[in-house]
1. Tell me the residue from 167, 133, 176, 159 that is closer than 23 Å to residue 89 by Cβ, out of contact with any helix residue (DSSP H, G or I) (no Cβ under 7 Å at 6 or more places or on another chain) and loosely packed, with under 14 Cβ neighbours inside 10 Å, please.
2. If you take the residues in region 200-209 that are touching a residue at least 40 places away in the same chain (Cβ under 8 Å) and part of a helix (DSSP H, G or I), which one is surrounded by the fewest Cβ atoms within 10 Å (Cβ to Cβ)?
3. If you take just the helices (runs of 4 or more DSSP H) that sit entirely in region 1-111, which of them hold at least 2 residues that are in contact with a helix residue (DSSP H, G or I) (Cβ under 7 Å, 6 or more places away or on another chain) and over 24 Å from residue 194 (Cα atoms)?
4. Collect the residues in region 159-177 that are within 17 Å of residue 122 (Cβ to Cβ) and not in a loop (DSSP other than H, G, I, E, B), keeping them in residue-number order.
5. What number of residues within region 179-195 satisfy the criterion of being under 16 Å from residue 131 (Cβ atoms), touching a helix residue (DSSP H, G or I) at 6+ places or on another chain (Cβ under 9 Å) and either free of Cβ contacts under 8 Å to residues at least 12 places away in the same chain or buried (at least 16 other Cβ atoms within 10 Å of the Cβ) (or both)?
6. Taking the stated definitions as given, is residue 107 surrounded by fewer than 22 Cβ atoms within 10 Å (Cβ to Cβ) and within 16 Å of the chain's Cα centre (by Cα)?
7. Can you tell me which residue among 122, 87, 72 is modelled with pLDDT under 95 and more than 21 Å from residue 146 (Cα to Cα)?
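The values are calculated or read from the model by the stated rules, or taken from the named source; none is laboratory data. This is a predicted model, so every value here is computed, not measured. Cβ coordinates were reconstructed from backbone atoms using ideal geometry, including for glycine residues, and neighbour counts include every protein chain displayed.
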């Protein structure tokens, strides 16, 4: 988990009850970039901000992440993949989310529950109802106050990753059909998750940044006044 303090002289602004935000999207949608940009914007405003990734951040989560993304030779079955993810998520909620919220922080997560519906549900073909039920148990019904869904065609995401010359992980190496199913899953299953805000992810990084910032300001006007980039 990454925590940075605002520059010296800026007041700290804890938020009563904290704020849990998550970024979701297909591979190459820019969610990691936008999560980092929003975190920096909010820190510049004096808010206490933690960044996290899923699976990951906790010791258990990082172990699961290594298995989940790097060890293709294990031949992980779909249900095992689901339970690996949910084991990491249960630790993430208990060890990261709840403490951050208790301290009045803004916690920004790179992926959370909607990824599980899209990847293990739609992508792997597991029962959506069973995935939702298992996820609810793993999270103890904790859910982000806002989930930013960065919407981008899966083929554009693949193009972006190829242009960046990024070494693909186990999930990114899946067939095109799988990623198309995941993209359709995001579109069709996002109404099953509370507080999803859909963000058009085409255009420049700065354009998407403006859209995210404006959406956050509209959702929480008393906390994040103004509609432009928070700086």
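1. Working: 167 fails: closer than 23 Å to residue 89 by Cβ; 176 fails: closer than 23 Å to residue 89 by Cβ; 159 fails: closer than 23 Å to residue 89 by Cβ.
Matching residue, one of 167, 133, 176, 159: 133.
2. Filtering region 200-209 down to residues touching a residue at least 40 places away in the same chain (Cβ under 8 Å) leaves 200-202, 205, 208-209.
From what is left, the residues that are part of a helix (DSSP H, G or I) are 205, 208-209.
Details: 205: 12, 208: 23, 209: 20.
Checked region 200-209; the qualifying residue surrounded by the fewest Cβ atoms within 10 Å (Cβ to Cβ) is 205.
3. Working: elements: 31-44, 59-70, 78-92, 98-102.
Of the helices (runs of 4 or more DSSP H) lying wholly inside region 1-111, those with at least 2 residues that are in contact with a helix residue (DSSP H, G or I) (Cβ under 7 Å, 6 or more places away or on another chain) and over 24 Å from residue 194 (Cα atoms) span 59-70.
4. Restricting attention to region 159-177, the residues satisfying the condition of being within 17 Å of residue 122 (Cβ to Cβ) are 171-172, 174-177.
Listed by number, the residues that qualify are 176, 177.
5. 7
6. Numbers: surrounded by fewer than 22 Cβ atoms within 10 Å (Cβ to Cβ): no; within 16 Å of the chain's Cα centre (by Cα): yes.
No.
7. Working: 122 fails: modelled with pLDDT under 95; 87 fails: modelled with pLDDT under 95.
Going through 122, 87, 72 in turn, the sole match is 72.
Conditions tested, residue by residue: (1) without any contact (Cβ under 8 Å) to a residue 40 or more places away in the chain; (2) buried (at least 22 other Cβ atoms within 10 Å of the Cβ); (3) within 30 Å of residue 216 (Cα to Cα).
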position	(1), (2), (3)
46	no, no, yes
60	yes, no, no
70	no, no, no
119	no, yes, yes
